[in-house]
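Read-outs: derived from the displayed coordinates by stated rules, not from any lab. Since we're looking at a predicted model, the values are computed, not measured. Neighbour counts run over all protein chains shown; Cβ positions are idealised from the backbone, glycine included.
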């Protein structure tokens, strides 16, 4: 079928073909966006469950999960209104990162350097992600960005590859230069990355590929 990936189209094909299940992990961002809609219609999803996908895609749920597990992350706050957002950014100090949920390739994700930037970016983020929370995080300047691609079964890692960005964090993966194996990480950092990846796979009970 050469059709758009939308909830309605996928359900039509699923019902017409009397499918055994739906695989969401092979189509980029769009399948993740319809995971919970499919779940509510009681469609059988193969691989990682829609609830786990939602826990990974929802910025608030994901950040809260990291806190519970003790996985370090920059200070963050869920957006409730502009006033509290400004207070948080002034408390932790600019720059801060505005992160909508359920978006592809960092859409509407921006680094704010002032209150004016923050207001502009929050308006854009709310348009992109009306039904999902926006999280604001302290942005770490001159940080190194690492990508991990892995495959798991029932929350247990089967294989993983760690890639290092040549550019500093902030350049999107689609535009960045990546090298694997990493050239500038010490063994302790590399082992921490692998441990966190294993922890996340277990917490989300991942079955299939994830990044």
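Would you mind telling me which numbered condition in (1) free of Cβ contacts under 8 Å to residues at least 24 places away in the same chain; (2) surrounded by fewer than 15 Cβ atoms within 10 Å (Cβ to Cβ) residue 163 fails?
(2)
Which residues, counting only those in the range 11-54, are closer than 17 Å to residue 154 by Cβ and crowded, with 17+ Cβ neighbours inside 10 Å? I'd like the intermediate steps shown before the answer.
Initially, the range 11-54 is screened for residues closer than 17 Å to residue 154 by Cβ, giving 21, 23-25, 44-53.
24, 25, 45, 47, 48, 49, 50, 52, 53, listed by residue number.
Could you check the range 156-182 and list, in sequence order, the residues that are touching a helix residue (DSSP H, G or I) at 6+ places or on another chain (Cβ under 9 Å) and assigned to a loop (DSSP other than H, G, I, E, B)?
181, 182
Pick out the one residue from 17, 78, 4 that is farther than 24 Å from residue 195 by Cβ and touching a strand residue (DSSP E or B) at 6+ places or on another chain (Cβ under 8 Å).
Details: 17 fails: touching a strand residue (DSSP E or B) at 6+ places or on another chain (Cβ under 8 Å); 4 fails: touching a strand residue (DSSP E or B) at 6+ places or on another chain (Cβ under 8 Å).
Of 17, 78, 4, the one residue that is farther than 24 Å from residue 195 by Cβ and touching a strand residue (DSSP E or B) at 6+ places or on another chain (Cβ under 8 Å) is 78.
Does residue 8 satisfy being part of a loop (DSSP other than H, G, I, E, B) and either exposed (fewer than 13 other Cβ atoms within 10 Å of the Cβ) or over 17 Å from the mean Cα position of the chain (by Cα) (or both)?
Values: part of a loop (DSSP other than H, G, I, E, B): no; either exposed (fewer than 13 other Cβ atoms within 10 Å of the Cβ) or over 17 Å from the mean Cα position of the chain (by Cα) (or both): yes.
Answer is no for this residue.
Within the range 127-144, does at least one residue satisfy the condition of being farther than 24 Å from residue 70 by Cα, part of a helix (DSSP H, G or I) and over 16 Å from the mean Cα position of the chain (by Cα)?
Yes, the range 127-144 contains at least one residue that is farther than 24 Å from residue 70 by Cα, part of a helix (DSSP H, G or I) and over 16 Å from the mean Cα position of the chain (by Cα).
So how many residues does the range 145-155 have that are outside any strand (DSSP E or B) and under 16 Å from residue 195 (Cβ atoms)?
Residues that pass the stated criteria total 1.
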